[in-house]
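So the structure is just underneath, and the comments pick up after that.
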Amino acid sequence: MVIRRLLIYLRPHSKALSVALVVLFLATFADVVGPILVKIFLDRHLMPRSFDFTDLLLLGSGYLGLHLLSVGLNYYQLVSFNQIALKVIQQLRVDVFSHVQRLALVVFDKTPAGALVSRITNDTEAIKELFVGVLATIVQNVVFLIGIFIAMFSLDVRLATFCLVLLPILLGLMYTYRRLSTKVYRTMRKELSFLNAKLNESIQGMNIVQAMRQEERFRKEFNVINMAYYRAAISNIRLESLFVRPAVDLIYTFALVLVLDFFGFQSLNGPIQIGVLYAFINYLDRFFEPVNMMMQRLSQIQQSLVAAERVFEILDDDRTVPMPVSAALAPSIVKGQIEFKEVSFSYDGSSDGGSDVLKKVSFIAYPGQTVALVGHTGSGKSTVANLLMRFYPVTSGEILIDGTPLSEFSEDELRGRVGLVAQDPFLFAGDITKNIALSRSNVSKKDVEDAASFVQANEFLRKLPQGLAEPLGERGGTLSSGQRQLLCFARTMAGKPKILVLDEATASVDTETEEAIQTALEKMRKGRTTIAIAHRLSTIQDADLILVLHNGMIVERGTHTELLVNEGLYQKMFMMQQGTGV
Amino acid sequence: MLLFKELMWFFKQEKKSYGMGIFFLIGVALINLFPPYVVRVIVDGVSQENLNQGVLIKWSLLLIGAGLTAYGLRYIWRLLIFGASSRLGRLLRKQLFDHFTRLSPQFYQKHRTGDLMAHATNDIQAIEMTAGMGVLTFVDSVTTGSLVVFSMSFFISWKLTLITLLPMPFMAWATSSYGTMLHKRFHKAQAAFSELNDKVLENISGVRVVKAFGREETEKEAFRTLSADVVEKNIAVAKVDALFDPTIQLIIGISFFLAIAFGAKDVVDGRLSFGQLTQFTIYLGQFIWPMLAFGWLFNILERGRASYDRVSALLKVKQEIREQEGAMDRVPSGQVAYEKASFAYPGTQRLIFKTMYVEVIQGQTLGIVGKTGSGKTTFFRLLLREFDLSEGDIRIGGISIYNLRLGALRKAIGYVPQDHFLFSTTIAENIAFGKPEATLEEIQAVANIAAIHEDILQFPDKYGTLVGDRGVTLSGGQKQRISIARALLLQPEILILDDSLSAVDAKTEKAILKALKEKRAQKTTLISSHRLSAIEHADLIVVLQDGQITERGSHAELMAIEGWYASTYRSQQLESLIEEGGA
Ligand SMILES: Nc1ncnc2c1ncn2[C@@H]1O[C@H](COP(=O)(O)OP(=O)(O)O)[C@@H](O)[C@H]1O
Ligand SMILES: Nc1ncnc2c1ncn2[C@@H]1O[C@H](COP(=O)(O)OP(=O)(O)O)[C@@H](O)[C@H]1O
Ligand SMILES: [Mg+2]
Ligand SMILES: [Mg+2]
């Protein structure tokens, strides 16, 4: 099954592959002819001492010519197989990566990033061997084997049958090895992905590890995985030694003993043909040559197949983001009206309501309005944003934009019109301009600059030696948290979204900057619907509608003044922030 | 061969495995000479018709015995040599990881995670190959090669042998120059793989951004470009790689030609029998494998060396943050003082601090405020020695932190970073991160102080809830409070809260601050915050601006100065007042 799927990847290269195979055969053929020419020389010229100059010249140049040809063809063949293998792997990689892009966020919530990386890069790399050397070896040696069997059958049927009987034994050996080693290789690949996950997490959290002096523990934990990986490797070496090369050699010895004894005991009863005995032994040798060549590749094949299995597991993961049903109709977002209709949601996908993070949330944000979400942390504010971004499908209820169900918008339309400033800022490695523009076609250099000044980033950008062209390290590590947040804000603003979702977008930013951004936002409110999530209630007071979330339910709603009159949770929260206490 | 020299330390360390392994390997080579001999004896017996049952059985048993012995020895040497090579991989991975744990943020700013991961997996694999397959092919090609050469020259003709071996220097030259080429190209190929690895990691870490901005297509395009680069670099490797075998084939072909041509002349001149010439060509045939192995050896070695270069370059990176000789292993306590502290991030010009003085009396609370990017986080990182001051000193209880063991210094500090980072394990283990042996009661106690206990109880798995990579399955405020609990569990002398209450609501903030005040009497607390309510009750408040402390004092004092603090405080108050007025 796995093999079939892998072979499908060869299909686009069938032409190159056929050429490579033909060249391989030609090269092998030229290789085989060489010794025959030598034999001709020895038999026809040297033995009878007849040295005809033109004949010799012909033979000599024929030999050298063939040899050079074979060398050239071999080079070509080797390079082609490599090229094909590399391209196959690239295609496979691109396919997995593309598939991963389509996977829903739940998958990423549950799978450590390092483990995913391991599958996309390391596991695909491990498949490479299968196409580089193994394929050629197998094809070549199977042909050899067939040739040898034909020769044997024409020589002596008993001999051929004897070798045929050896085949099931060898196949049995292969089968046993495959069965046992599959498990071991699976462990090995799994441990490798643990290793990657651990490395990733440790490196990213190294400052915490060091601040809390847990280096020793982490070293130990890493070593546990490292040991497990090593143990799997050793088990594999064991298996390979027990069942592959040494075992084949042992079978060869037994076969040899059988042949010798068979003829030996026969000869005790009467004379036998020495020639036949000689041929038997000779062909036995030749029979085992390709067998050995193939067996030697067995563990590579195994490793590749197990790795492929893991790659296909991802490709088969069907937890993808659902594609809009009717791409042809492709509704667009014009007004920017948002409606939540009795939306309930739980992250674990269960619909019994027990683990619901949002419970029957309903509200409407009319075009141009600002709707604010407040509530204690963990009450589900970010979840509302996540759902509006279509990161997760709602469990029940419906979200509508401009009256159209959220699920019907194309990715492009939704992502182009709805902008989110997430709570956790994430920047890519690369320069600041690139981070703000994100290679969007509709974001010009000017838009980037405007966005940067919109979020009041100019001041700190000026202090950077290269300004907007300043390269950032991983995750923007050379900036302060607030600066990172500003850049993420700018990134969203640069896309000029119709609907703006701000999830505590300025939580790490000082008040002065925050106010300036607030004022700027104010000016641009026309034609833009905003969902704002904030702790500092001061930043959302002029919202058209404030929703107070508590344990996933909207417990209060209204404008700031209405809510204060209400004397509910909002008022308490507000008083608390004024420092007046309750 | 260079790599063998570089790996000598390991071979010495694994003397026994390699010694015995090679011994058995040679043993197997010798046993392999036995079956042909038995064949000859029996064939001779059959043809001379002097075979009897006893002889037949004796030789058969001997042959079986030899086969079994060879089987055993093969098993053992594989386990010894390949086992040792796996141990090299394990050891290097361990060294690399250990080294990673000693390196400071400065290193991690320059090296990207995906790249570092590739070093520990992909590169080490190539090195393992050298220590296993490489050693095997080396021993094998040398022993069988010399056995064959010995037989050729000893049993047949040393002159002919010499003539036949004439092209060999060319082969040595060719393979070694291919090796150099391969080395460079493989190095590039490995670097390309690293980059690809890094791209994938970044893409997955930033999946929310990719999705929110609908960047999947651009990401795929970028990935396609990088993976095409990997292909290109690897094809460059393959082009050299594929030179080895054909070159050796060519040389052997020429040797064959020379052997036959000169051998034939010898036969004609009567210096050699016809049978001897045939035998010579058979030996020459046996010479093919060791030659190929030799080429292969060069190939493996150069790949290994390229990767070893990469790995040892990482291992050689010096720790930027080091303990001084004779550093004290005493957990410091007392007044925290920054004296004439100046600091610029390595590789940058801009001074984040210019000869700054701050003193915090033991048991007091310091509040640090200032605009975004004014250096609040940097202030804390310097105390933790994530970076070292360019000039000046930081003292705790009068002792310079540079005279302390790192462990001792950090033991005194509980750090709640601004960017909360949780590990992908349970909530309980995350809280107990700095003290894995903590009991559930202790964990719950600090969770209570951090006002997260109630939240945790609401989760289906309570303290056993898994939080995912970096804590993705928690809300921002939950993550922050878990980090606070994590630091509190250590009962540190000095607690650092770096804007750690930004994602919690005012009520919770108040509760946490109150609890801290009660539980941490006599202990120093350093807090930075944008919301001044979090630091307003601090004993000392400093305002950072342009590398200086522009204002310092208590809340009341700062309000009286009428500077940045007062105006910010007012504006934070004012906003709400205006609204209230409107109500
Ligand atoms: N990706 C996730 N998987 C599972 N649970 C989650 C996930 N994200 C958030 N939660 C849980 O959902 C609840 C609401 O979180 P959130 O919406 O982030 O709160 P907040 O109101 O602080 O933004 C929290 O209890 C949190 O633990
Ligand atoms: N690792 C770094 N390398 C270079 N510059 C840095 C690094 N980290 C922070 N900076 C710069 O130092 C200044 C202070 O940063 P930080 O201390 O994080 O500010 P904040 O007061 O917001 O916490 C910022 O301008 C930031 O860009
Ligand atoms: Mg949130
Ligand atoms: Mg900071």
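Across peptide B:240-246, the average count of Cβ atoms from other chains found within 10 Å of a residue's Cβ is 5.
With a/c under 1.5 counting as rounded, go ahead and sort chain A into rounded, prolate or oblate using the C-alpha gyration tensor (a ≥ b ≥ c being the square roots of the eigenvalues; past the cut-off, prolate if a/b is larger than b/c, else oblate). Here chain A falls in the prolate category. The charge dipole of chain B, taken about the Cα centre with unit charges on the Cβ atoms of Lys, Arg (+1) and Asp, Glu (-1), comes to about 1440 debye, rounded to the nearest 20. Since only A:L464, A:G378, A:F489 are under comparison, the one whose Cα sits farthest along the positive direction of the charge dipole of chain A, derived from C-beta charges on Lys, Arg, Asp and Glu, is A:L464. For chain A, the relative contact order comes to 13 percent (Cα pairs under 8 Å, sequence separation of at least 6). Under a 5 Å amide H cut-off, with hydrogens placed 1.01 Å from N, B:M328 pairs with B:L404, B:R405 among residues at least 5 apart or on other chains.
In the context of the full set of protein chains, chain A has a per residue accessible area of 41 Å² (1.4 Å probe). Taking a ≥ b ≥ c as the square roots of the eigenvalues of the Cα gyration tensor of the range B:1-124, is the shape rounded (a/c under 1.5), prolate (a/b larger than b/c) or oblate? Cα axes put the range B:1-124 in the prolate bin. Averaged over peptide B:218-231, the number of partner chain Cβ atoms lying within 10 Å of each residue's Cβ comes to 5. Each helix, a run of at least 4 DSSP H residues, gives -39500 (n - 2.57); summed and divided by the residues of chain B, these come to -20500 deg cm²/dmol at 222 nm.
Taking every DSSP bridge with both residues inside chain A, close to 55 percent are antiparallel. How much of B:T278 can a 1.4 Å solvent probe reach, expressed as accessible area in Å² and rounded to 10? Probe radius 1.4 Å; accessible area of B:T278 about 50 Å². Normalised radius of gyration (Cα atoms, divided by 2.2 N^0.38 Å) for chain B: 1.46. Each peptide in A:11-18, A:442-449 gets a packing score, the mean of other Cβ atoms within 10 Å over its residues, and the list from highest to lowest is A:442-449, A:11-18. Between the Cα long axis of helix B:564-582 and the first principal axis of chain B there is an angle of about 70°, rounded to the nearest 10. So which of B:K479/B:K507; A:K463/A:K496; B:K354/B:K376; B:K5/B:K318 end up more than 21 Å apart, counting from Cα to Cα? Long pairs (Cα-Cα over 21 Å): A:K463/A:K496; B:K5/B:K318. Evaluated with a Cβ-only charge set (Lys, Arg +1; Asp, Glu -1), the range B:319-407 carries a dipole of roughly 340 debye about its Cα centre, given to the nearest 20. Across the range B:377-383, computed HN-Hα scalar couplings (Karplus, 6.51 cos²θ - 1.76 cosθ + 1.60, θ = phi - 60°) run 4, 4, 3, 6, 5, 5, 5 Hz from first to last residue, x flagging Gly and Pro. By the rule of a C-alpha distance below 25 Å, with chain neighbours fewer than 8 residues away ignored, the lysines paired with B:K12 are B:K94, B:K316.
Separation of the range A:465-541 from the range B:63-92 is 62 Å, based on Cα centroids. Taken one residue at a time, the phi angles of the range A:553-559 give Karplus couplings (6.51, -1.76, 1.60, θ = phi - 60°) of 10, 7, 9, 8, 8, x, 7 Hz. Gly and Pro are set to x.
Electrostatic bookkeeping for A:I251 treats Lys and Arg as +1 and Asp and Glu as -1; over the other residues with beta carbon under 14 Å from its beta carbon, the sum is -1. Sequence gap at least 6, Cα distance under 8 Å: using those rules, report the relative contact order of the range B:419-491 to the nearest whole percent. Relative contact order for the range B:419-491 comes out at 52 percent.
Since only B:S60, B:G304, B:I124 are under comparison, the one whose Cα sits farthest along the positive direction of the charge dipole of the range B:2-316, derived from C-beta charges on Lys, Arg, Asp and Glu, is B:I124.
Of the peptides B:472-480, A:264-272, the order by per-residue mean of other Cβ atoms within 10 Å, starting with the highest, comes out as B:472-480, A:264-272. For chain A, the longest principal axis of the C-alpha atoms and the axis of helix A:215-243 are separated by about 30°. Under the simplified labelling scheme, the B:K5-A:E459 pair shows an inter-label distance of 6.0 nm, with each label point 7 Å from Cα along Cα→Cβ. What shape does the range A:215-339 take by its C-alpha gyration tensor, where a ≥ b ≥ c are the square roots of the eigenvalues and a/c under 1.5 counts as rounded, a/b above b/c as prolate, and the rest as oblate? Since a/c reaches 1.5 but b/c is at least a/b, the shape of the range A:215-339 is classed as oblate.
Among residues other than A:N141 with Cβ under 12 Å from its Cβ, the summed charge is +1 (Lys and Arg +1, Asp and Glu -1). Of the chymotrypsin sites (Phe, Trp or Tyr not before Pro) found in the range B:1-89, no site is in coil according to DSSP while having at most 15 other Cβ atoms within 10 Å of its Cβ. Count Lys and Arg as plus one, Asp and Glu as minus one, and take only other residues whose Cβ is under 12 Å from that of A:N292; the net charge is then 0. Overall, the range A:1-139 carries a charge dipole of about 500 debye about its Cα centre when +1 sits on the Cβ of Lys and Arg and -1 on the Cβ of Asp and Glu, all other atoms neutral.
Sorted on the mean count of surrounding Cβ atoms within 10 Å across their residues, most packed first, peptides B:63-70, B:536-543 read B:536-543, B:63-70. Mean partner shielding of peptide B:255-266, defined as the number of other chain Cβ atoms within 10 Å of each residue Cβ, is 3. Relative contact order for chain B: 13 percent, from Cα pairs under 8 Å spaced at least 6 residues apart, divided by residue count.
The values are calculated or read from the model by the stated rules, or taken from the named source; none is laboratory data. These figures come from a predicted structure and were not determined experimentally. Please note: Cβ atoms are built from the backbone with ideal geometry, for glycine as well, and neighbour counts cover all protein chains shown. Just so you know, the surface numbers come from the protein's heavy atoms only, side chains and all, with ligands and any DNA or RNA stripped out. Shrake-Rupley method; radii C 1.70, N 1.55, O 1.52, S 1.80 Å.
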